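So the structure is just underneath, and the comments pick up after that.
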Amino acid sequence: MKKKDIIVKGRLAARLAAVQALYQLEHEPTTPQKVVQEFVMHRFSESVDGARFESPDKTLFQDIVMGVMERLADLDPMIASTLTDEWRLERIESVVRAILRAAVFELSRDTSVPTPVVINEYIEIAKAFCSSAEVSFVNGSLDALAKLLRVEDLQE
């Protein structure tokens, strides 16, 4: 019996695809522009890793992928600042790095999306790819980063 695809829509689909694209960029010698084009032209119309995208927010997807790649030198130190002394960013699984980079990019820019929504959606993405320990790690890291990046949003 074939496993049924998970249908992912809208902004969550864009975030999930962005994490997949960022993972791909870390493992393949290509450009962000080519990966974005590949997703928009091909992957959004087919099932990818058990997920079928319906009406993904293509603008958000492109903004996350291109923004993360443009701001990597700023984002990685932010993420590293929340890690313990015995952990370095390079030691974290690449899919977890992709999740954290995408989430931190969204949390660090001016957006109308509430902090809990951003965090919860990236935790859901982590659940699709990671062990429960890694999901807890993502949750703790994003909570710490949100406190640094969106103090006013968390005080409401």
Can you name the condition, by its number, that LEU22 falls short on among (1) in a helix (DSSP H, G or I); (2) at pLDDT below 95; (3) closer than 21 Å to ASN139 by Cβ? (2)
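Take the range 25-48 and flag every residue that is among the β-branched types (Val, Ile, Thr), outside any helix (DSSP H, G or I) and either at pLDDT 90 or above or in contact with a Ser or Thr (Cβ under 7 Å, 6 or more places away or on another chain) (or both).
As a first pass, look at the range 25-48 and keep what is among the β-branched types (Val, Ile, Thr): 30-31, 35-36, 40, 48.
Those still in the list that are outside any helix (DSSP H, G or I) too: 30-31, 48.
Those that are among the β-branched types (Val, Ile, Thr), outside any helix (DSSP H, G or I) and either at pLDDT 90 or above or in contact with a Ser or Thr (Cβ under 7 Å, 6 or more places away or on another chain) (or both): THR30, THR31.
Grab the helices (runs of 4 or more DSSP H) fully contained in the range 61-156, keeping just those with 1 or more residues being buried (at least 17 other Cβ atoms within 10 Å of the Cβ) and among the hydroxyl-bearing types (Ser, Thr, Tyr). Show your work before the answer.
Numbers: elements: 94-108, 115-129, 132-149, 151-154.
Answer list for the range 61-156: 94-108, 115-129, 132-149.
The values are calculated or read from the model by the stated rules, or taken from the named source; none is laboratory data. Values in this document were obtained by computation on a predicted structure and should not be read as measured data. Using ideal geometry, Cβ is built from the backbone for each residue, glycine included, and neighbour counts are taken over all protein chains shown.
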